[in-house]
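Accompanying notes for the structure given below.
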Amino acid sequence: MSEPAPIVFVVDDEPSVRRAIKRLIESEGLRVELFGSAQEFLQGSRPDAPSCLVLDIKLPGISGLDFQRQLADCGIRIPIIFITGHGDIPMTVRAMKAGAVEFLTKPFRDRDLEDAIQLALERDRTRRHDESEIAVLKERFDSLTPRETEIFRLVVTGRPNKQIAAELGTSEITIKVHRASVMRKMQAEYLADLVRMAGRLHLPVGQLSSSGTSSSRSVG
């Protein structure tokens, strides 16, 4: 499937600034939607596509920096490019520490905004790709039986089959069968693949649920 067309959202309370940015963005062949306030942006729909937000610092009702925090609190993970006519170092530091892609002071060069938008869209593509991969891994992990889940958690610690069998009170051949099933369901070719998957899923590994006791640690 082809990737949905990326979109750039612009939130600025000055109509002339919005229009100028819109012309610039569209000249790069990108979709753009304009909003005069943070509230308008929240009330609008956000297509399921790579996107970024060009956000003015001074907005009616709420500052851009406070809106950045509000979006994070709401779980809206969209890369933000700040623009302002009244920036200072503390403001820039706060924005960048909170994850902003860029902080541009008006009047800024067209090329600087274009470069920032491309960087922000690439960052969002990467996030979307990672989240899609993790969703697939979760689906595979959820297909494991409770026993396979226990074995998965122990296998990725590097324990040999014989030791796992002793800890679970079963035979080594049984562990081999379950281990092969885990590898097949998780679509892992090597142990290193399972370890990487456990890390991406942030699983507590080496921990038994009911059949025994073992130490617990995190992978990744």
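The values are calculated or read from the model by the stated rules, or taken from the named source; none is laboratory data. Values in this document were obtained by computation on a predicted structure and should not be read as measured data. Positions of Cβ are generated from backbone atoms using ideal geometry, with glycine treated the same way; all protein chains shown enter the neighbour counts. Ligands, DNA and RNA are excluded from the accessible area calculation, which covers all protein heavy atoms including side chains. Shrake-Rupley method; radii C 1.70, N 1.55, O 1.52, S 1.80 Å.
Taking only Cα atoms, what is the 0 to 90° angle, nearest 10, from helix 191-200's long axis to the longest principal axis of the chain?
With rounding to tens, the tilt is 40 degrees.
Excluding the sites themselves, what is the longest stretch of the chain that contains no GluC sites (Glu not before Pro) in a DSSP loop with at most 14 other C-beta atoms within 10 Å?
That gives 29-188 as the longest site-free run.
Take 52, 74 and sort them by solvent-accessible surface of the protein heavy atoms, 1.4 Å probe, largest at the top.
The residues order as 74, 52, largest area first.
Going by the alpha-carbon gyration tensor, a ≥ b ≥ c the square roots of its eigenvalues, is segment 47-102 rounded (a/c under 1.5) or, if a/c is not under 1.5, prolate (a/b greater than b/c) versus oblate?
It comes out prolate by the Cα gyration axes.
At 7 Å along the Cα-to-beta-carbon direction for both residue 45 and residue 187, put a label point, then send me their distance in nm to one decimal.
3.0 nm
Would you rank 138, 97 by solvent-accessible area, highest first, keeping every protein chain in place and using a 1.4 Å probe?
The ranking, largest first, comes out as 97, 138.
Just subtract the alpha-carbon distance of residue 31 and residue 63 from 0.36 nm times their residue separation and send over the number in nm, one decimal.
Full extension of this stretch gives 9.0 nm more.
Can you list the trypsin sites (Lys or Arg not before Pro) in segment 7-53 that are in a DSSP coil and have 15 or fewer other beta carbons within 10 angstrom?
none
Please compute the length gained on full extension between residue 118 and residue 200, using 0.36 nm multiplied by the number of residues separating them and subtracting their Cα-Cα distance.
In short, 26.9 nm is gained.
With a/c under 1.5 counting as rounded, go ahead and sort segment 1-118 into rounded, prolate or oblate using the C-alpha gyration tensor (a ≥ b ≥ c being the square roots of the eigenvalues; past the cut-off, prolate if a/b is larger than b/c, else oblate). Before the final figure, lay out the partial values.
Values: a/c = 1.41, a/b = 1.18, b/c = 1.20.
The shape class here is rounded.
For a test of understanding, tell me how many lysine pairs in the chain have Cα atoms under 24 Å apart, given they are 8 or more places apart or on different chains.
10
For the residue pair residue 176 and residue 76, what label-to-label distance in nm results when each label sits 7 Å from Cα along the Cα-to-beta-carbon direction?
For the pair residue 176/residue 76, the computed spacing is 5.6 nm.
Kirkwood Rh over Cα pairs of segment 61-220 into Stokes-Einstein at 25 °C, 0.890 mPa s: D in µm²/s? Before the final figure, lay out the partial values.
Numbers: Rh = 19.1 Å.
Answer from the Stokes-Einstein relation: 128 µm²/s.
So which chymotrypsin sites (Phe, Trp or Tyr not before Pro) in segment 129-204 end up in coil per DSSP with only 15 or fewer other C-beta atoms within 10 Å?
Sparse-neighbourhood loop chymotrypsin sites (Phe, Trp or Tyr not before Pro): 190.
With everything on Cα atoms, drop me the angle between helix 64-73 and the longest principal axis of the chain, reported from 0 to 90° to the nearest 10.
20 degrees
Compute the signed sum of charges (Lys and Arg +1, Asp and Glu -1) over the other residues within less than 11 Å, Cβ to Cβ, of residue 68.
The answer is +1.
Work through the residues other than residue 17 whose Cβ is under 12 Å from its Cβ and net out their charges, Lys, Arg +1 and Asp, Glu -1.
It works out to a net charge of +2.
Quickly work out the residue 162-to-residue 88 label distance, labels modelled 7 Å from Cα along the C-beta direction, and quote it in nm with one decimal.
7.0 nm
Okay, helix-only estimate at 222 nm for the chain: each DSSP H run of n ≥ 4 adds -39500 (n - 2.57), divide by all residues, round to 500 deg cm²/dmol; what do you get?
Counting only the DSSP helices, I get -16500 deg cm²/dmol.
Given a cut-off of under 8 Å on Cα pairs at least six residues apart, what relative contact order in percent is computed for the chain?
14 percent.
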